[in-house]
Amino acid sequence: MQREVVEGNVVRVGDLQLAVLETPGHAAGHVRYVLRQETGVAVFAGDAIFFGGKILLQDTWDCSLQESIRSVERLAALAPEGFYPGHLTFTVRHGHRQLEPALAAIRNRLPPPPLA
């Protein structure tokens with residue numbers, strides 16, 4: 001059975017409970033999943049942000065720089081230990097470090113580093 005998930009929903013996967021967090025920007029309607037455990041928070045970031053603080057902005061009708069910034073700030077506020085983007089490299093420790101370059105660029109009003 002399919003159902004739409006929205007912020008505040010909890011998705012159960014076996015014994016795990018993943019909280020749904022709305023994070024538009026890369027595309028409208030995107031959500032991320034947050035796993036809270038004793039060892040810390042893990043963020044399944046999808047395409048909101050990639051390893052090294054890289055952000056992919058697209059030339060599509062539903063991609064928004066302003067919403068991307070807000071989504072990155074929301075993810076960074078979680079101070080994740082585990083960081084799992086939708087593609088490429090991930091980290092199981094010190095995941096918050098992967099968000100810091102993007103936050104620095106946002107604070108300095110610079111474009112985020114491009115996805116290479």
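Given axes a ≥ b ≥ c from the Cα gyration tensor, I'd like to know whether the chain is rounded (a/c under 1.5), prolate (a/b larger than b/c) or oblate.
Values: a/c = 1.99, a/b = 1.27, b/c = 1.56.
In terms of gyration-tensor shape, oblate.
Modelling each spin label as a point 7 Å along the Cα-to-Cβ direction, I'd like the Ala28/Glu100 distance in nm, to one decimal.
3.7 nm
Normalised by the number of residues in the chain, what is the relative contact order in percent for Cα pairs under 8 Å and 6+ residues apart? Walk me through the numbers before you get to the answer.
Values: 237 pairs, mean separation 26.8, N = 116.
Over the chain, the number comes to 23 percent.
Take the Cβ-Cβ distance between Trp61 and Val20 as r, set R0 to 22 Å, and report the resulting FRET efficiency rounded to the nearest 0.05. Display every interim value, and only then the final one.
Working: r = 24 Å, r/R0 = 1.08.
So the FRET efficiency works out to roughly 0.40.
Would you please name the GluC sites (Glu not before Pro) within segment 7-104 that are DSSP coil residues with at most 11 other C-beta atoms within 10 Å of their C-beta? Before the final figure, lay out each step's value.
Numbers: sites: Glu7, Glu22, Glu38, Glu67, Glu73, Glu81; in loops: Glu7, Glu38, Glu81.
Here the sparse-neighbourhood loop sites are Glu7, Glu38.
What order, most packed first, do the peptides 82-92, 45-55 have when packing is the mean number of other Cβ atoms within 10 Å of each residue? Walk me through the numbers before you get to the answer.
Values: 82-92: 16.3, 45-55: 22.2.
With the highest mean Cβ count within 10 Å placed first, the list reads 45-55, 82-92.
Report the label-to-label distance for Leu88 and Asn9 in nanometres (one decimal), using points 7 Å from each Cα along the Cα→Cβ vector.
2.9 nm
Since every read-out is calculated from the coordinates, none of them should be taken as a lab result. Note that the structure is predicted; figures quoted are calculated from it, not measured. Heads up, the Cβs are rebuilt from the backbone with ideal geometry, glycines too, and the neighbour counts pull from every protein chain shown.
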